Amino acid sequence: MQRCGVIICRYSTVYDPNEKTFDKILIANRGEIACRVIKTCKKMGIKTVAVHSDVDSSAVHVKMADEAVCVGPAPTSKSYLNMDAIMNAIKQTGAQAVHPGYGFLSENKEFAKRLVRKKCHISQTDMHLLSKVMFIYFIKFFQDAEEAVKIAGEIGYPVMIKASAGGGDMRKADISTNISANGVCCCLQVLADKHGNALWLNERECSIQRRNQKVVEEAPSTFLDPDTRRAMGEQAVSLAKAVKYSSAGTVEFLVDTKKNFYFLEMNTRLQVEHPITECITGLDLVQQMILIAKGYKLQQKQSDIPINGWAIESRVYAEFMHYVFGNSIFDDNCYFAFLSKVRVDSGIQEGSDISIYYDPMISKLVTYGKTREEALKKMEEALDNYVIRGVTHNIPLLREIIVHPRFVSGDISTKFLPEVYPDGFKGHMLTAGERRELLATAAALYVAAQLRSQKFLGDLRVSIVPAESRQCELCVELDQGVHMLGVSRSGNNYTVEIDGEKVEVSGEWNLASALLPITINGKHRNLQCLLRTAAGEITLQYLGTSFKLRVLSKLAAYLGKHMPEKIPEDTSSILRSPMPGSVVAVSVKPGDNVSEGQEICVIEAMKMQNSMTAAKTAKVKSVHCKAGDTVGEGDLLVELE
């Protein structure tokens, strides 16, 4: 981290030296969840072992652990899913227990059986018994699409469909050929020990989803009332007891508009969004899992479980956000972050590589407040102050979600994103007033930078910008629009006149900082300066979205009109990789005729496959890649005649 603010973790790990657990635990995972488990182990006085692939040898979780073992090359099938290598690591290090985190082997019953045979504790429970339990609101298991259609025909439409082994959201089928996301998704956190005791730790609202994955979660839900919450909690506990479950687990429900709830699945592991449950209950779920695995009884009763305040989690990913919800494009590099008064769970630090082989999560950003309104305000502030460089990211979308009137009012469902952004998210759409604020800020920043460039050891050089008493005229370009502005200055305060309206901008103007905390017409704003060049190019992150501007003096703008225009490259005849990744398939060869929009090749990056298509109808001139190749951003893939 280049800078680090005050981080408030709303949970507590109290180490009791009389509670003997394990001397050493191996974490069979990577990234932020491995770091999260290691933190609690350190507080409990437990040594840790990290496993890693060769490309993760310098990862944060490897540096945090007491020991580290390489379990194979980058592909997950040869490393983090390589049970033989992980079992050898357990033997080699003498680890007494394994925490699998989430994903990878966390719900693999064969892995659990092998650990049991080796008499190695696992902090999660085999889920094979779940299919044998009849549940009051249970939706039938089926093996394939034909069987699903048959069962749906017997029950009657609409029906809900959910992956039985986790991953992805629920889907509503109105007819056999029409499936769309629907419903409110609530996840009940449960804790169960090996002595028949079980608790429910309230719910998490997980309905804001994209590409069948959760984006923003909160606890508690705005939708549930105490009676429905209690009924769902009791059902979740009944299920955990019925299968003799012991550990932390999550029971997912679909809740309809009449507050009828339906069982979807049980995740027999720690979930990604567990921090928001820790925030409102004060419990460290990782610590509880370790104590349960060692055989301790739960210390709490159901009446001890509170709902203290409100917590919201935003999943920050490295990806390109301006898309119709489907594909993801990213840059593979590093970042640094400045976070103030929030909790951040991350496996990334400045200089880290975000590999194409794994999930692109940068961090889980969690804010807490006594009320939902306070938690939302803190999240807005945290996102505005979250400085990320080197990768494109989804903060623009996250910020738009948490300030959207529909989300703020609690009108949430799994249809939220496709309904709010039917044509895909395009970034923040500026109002007329916001556009003036952005133009005024860019103009004030330009003048402040010009004034600083005139100073030498505190003395003014030859004046370029007019004195404070005079007004300078600037030309500001934004979104192909040209605006003439008048700027006058008094100390750190700037008055900018735009189209006959005045905008007052003031601030400390620390040009060495990426953050620009300023006041615009009396309202506090947190902007970020992403780029500022001598040619007047300025990129500002404003209200979460980055905007490119160009600021010139009136004379420079006049002279610029006489400069020859640069002719852009004709990209219709070449296909370049928009991201680092691996080539999954190439569908053409030299001499083939292709039509506009036809798939030419498929690039896989961060578990997503992206179809590359022809920009025009033409003949293939040459192919520069083959299946299995690793490509970088901008690499030439195919040329057309």
Would you be able to say whether some residue in segment 505-513 is open to solvent by 40 Å² or more (accessible area, probe 1.4 Å), on the phi > 0 side of the Ramachandran plot and out of contact with any His (no Cβ under 7 Å at 6 or more places or on another chain)?
-> no
The residue that is farthest from the chain's Cα centre (by Cα), considering only those in segment 521-536 that are free of Cβ contacts under 8 Å to residues at least 40 places away in the same chain and within 23 Å of Glu497 (Cβ to Cβ), is Gly522
Those residues of segment 255-269 which are among the hydrophobic types (A, V, I, L, M, F, W, C) and closer than 15 Å to Leu239 by Cβ, in sequence order = Phe261, Phe263, Leu264, Met266
Residues being touching a residue at least 60 places away in the same chain (Cβ under 8 Å) and either surrounded by fewer than 21 Cβ atoms within 10 Å (Cβ to Cβ) or part of a loop (DSSP other than H, G, I, E, B) (or both) - total across segment 98-110 | 8
Scanning segment 222-245 for residues that are over 15 Å from Asn197 (Cβ atoms) and assigned to a helix (DSSP H, G or I), the one least open to solvent (accessible area, probe 1.4 Å) turns out to be Met232
For segment 612-627, which residues satisfy the criterion of being in a strand (DSSP E or B) and open to solvent by less than 50 Å² (accessible area, probe 1.4 Å)?
-> Met612, Ala618, Val620, Ser622, Val623
Filtering segment 591-623 down to residues that are under 27 Å from the mean Cα position of the chain (by Cα) and of a type in the set (Asp, Glu) yields Glu604
Filtered residue count, segment 484-504, keeping only those that are in a strand (DSSP E or B) and either open to solvent by 70 Å² or more (accessible area, probe 1.4 Å) or under 17 Å from Leu540 (Cα atoms) (or both) = 7
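Enumerate the strands (runs of 3 or more DSSP E) found wholly within segment 247-324, keeping only those where 2 or more residues are in contact with a strand residue (DSSP E or B) (Cβ under 8 Å, 6 or more places away or on another chain), open to solvent by less than 10 Å² (accessible area, probe 1.4 Å) and farther than 30 Å from Phe547 by Cα.
Values: elements: 247-255, 261-267, 310-317.
Passing ranges, in order: 247-255, 261-267.
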If we ask which residues in segment 37-66 are in contact with a Leu (Cβ under 6 Å, 6 or more places away or on another chain) and either surrounded by 24 or more Cβ atoms within 10 Å (Cβ to Cβ) or hydroxyl-bearing (Ser, Thr, Tyr) (or both), their number turns out to be 0
Scan segment 453-465 and give yes if some residue there is in contact with a helix residue (DSSP H, G or I) (Cβ under 9 Å, 6 or more places away or on another chain), modelled with pLDDT of 90 or more and surrounded by 14 or more Cβ atoms within 10 Å (Cβ to Cβ), otherwise no.
-> no
Starting from segment 221-240, keep only residues that are at negative phi, then list their pairs with residues that are open to solvent by 30 Å² or more (accessible area, probe 1.4 Å) and at pLDDT 95 or above whose Cβ atoms are within a distance under 7 Å, requiring at least 6 positions of separation or different chains.
-> Gly233/Trp200; Ala236/Trp200; Val237/Trp200
In segment 186-221, how many are part of a strand (DSSP E or B), at pLDDT below 95 and open to solvent by 20 Å² or more (accessible area, probe 1.4 Å)?
-> 2
Residue list for segment 23-36, restricted to those being farther than 14 Å from Ala89 by Cβ and surrounded by 19 or more Cβ atoms within 10 Å (Cβ to Cβ) | Gly31, Glu32, Ile33, Cys35, Arg36
Inside segment 382-412, can you point out the residues that are under 19 Å from the mean Cα position of the chain (by Cα) and hydroxyl-bearing (Ser, Thr, Tyr)?
-> Tyr386, Thr392
Taking the condition of a type outside the set (Asp, Glu), closer than 19 Å to Phe111 by Cβ and not in a strand (DSSP E or B), does Val55 pass?
-> no
Return yes when Ala74 is touching a strand residue (DSSP E or B) at 6+ places or on another chain (Cβ under 9 Å), at pLDDT 95 or above and either open to solvent by less than 60 Å² (accessible area, probe 1.4 Å) or not assigned by the TED database to the domain that holds Glu107 (or both) and no when it is not.
-> no
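Yes/no matrix, rows are residues, columns are (1) at pLDDT 95 or above; (2) in contact with a strand residue (DSSP E or B) (Cβ under 8 Å, 6 or more places away or on another chain):
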site: Asn385; (1), (2): no, yes
site: Ile402; (1), (2): yes, yes
site: Arg406; (1), (2): yes, no
site: Thr414; (1), (2): no, yes
site: Leu417; (1), (2): no, yes
site: Asp423; (1), (2): no, no
site: Gly427; (1), (2): no, yes
site: Arg436; (1), (2): yes, yes
site: Ala442; (1), (2): yes, yes
Might you check whether a residue that is surrounded by fewer than 21 Cβ atoms within 10 Å (Cβ to Cβ), out of contact with any His (no Cβ under 7 Å at 6 or more places or on another chain), of a type in the set (Phe, Trp, Tyr) and under 30 Å from Val503 (Cβ atoms) occurs anywhere in segment 383-398?
-> no
Taking segment 595-611 and the residues there that are among the β-branched types (Val, Ile, Thr) and closer than 22 Å to Tyr358 by Cβ, the one that is least open to solvent (accessible area, probe 1.4 Å) would be Ile603
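The values are calculated or read from the model by the stated rules, or taken from the named source; none is laboratory data. On a predicted model such as this, the values are computed, not experimentally measured, just so you know. When we count neighbours, we look across all protein chains shown, and the Cβ atoms used for this are built from the backbone with ideal geometry, even at glycine. Areas reflect the complete protein model, heavy atoms only, side chains present, ligands, DNA and RNA absent. Shrake-Rupley method; radii C 1.70, N 1.55, O 1.52, S 1.80 Å.
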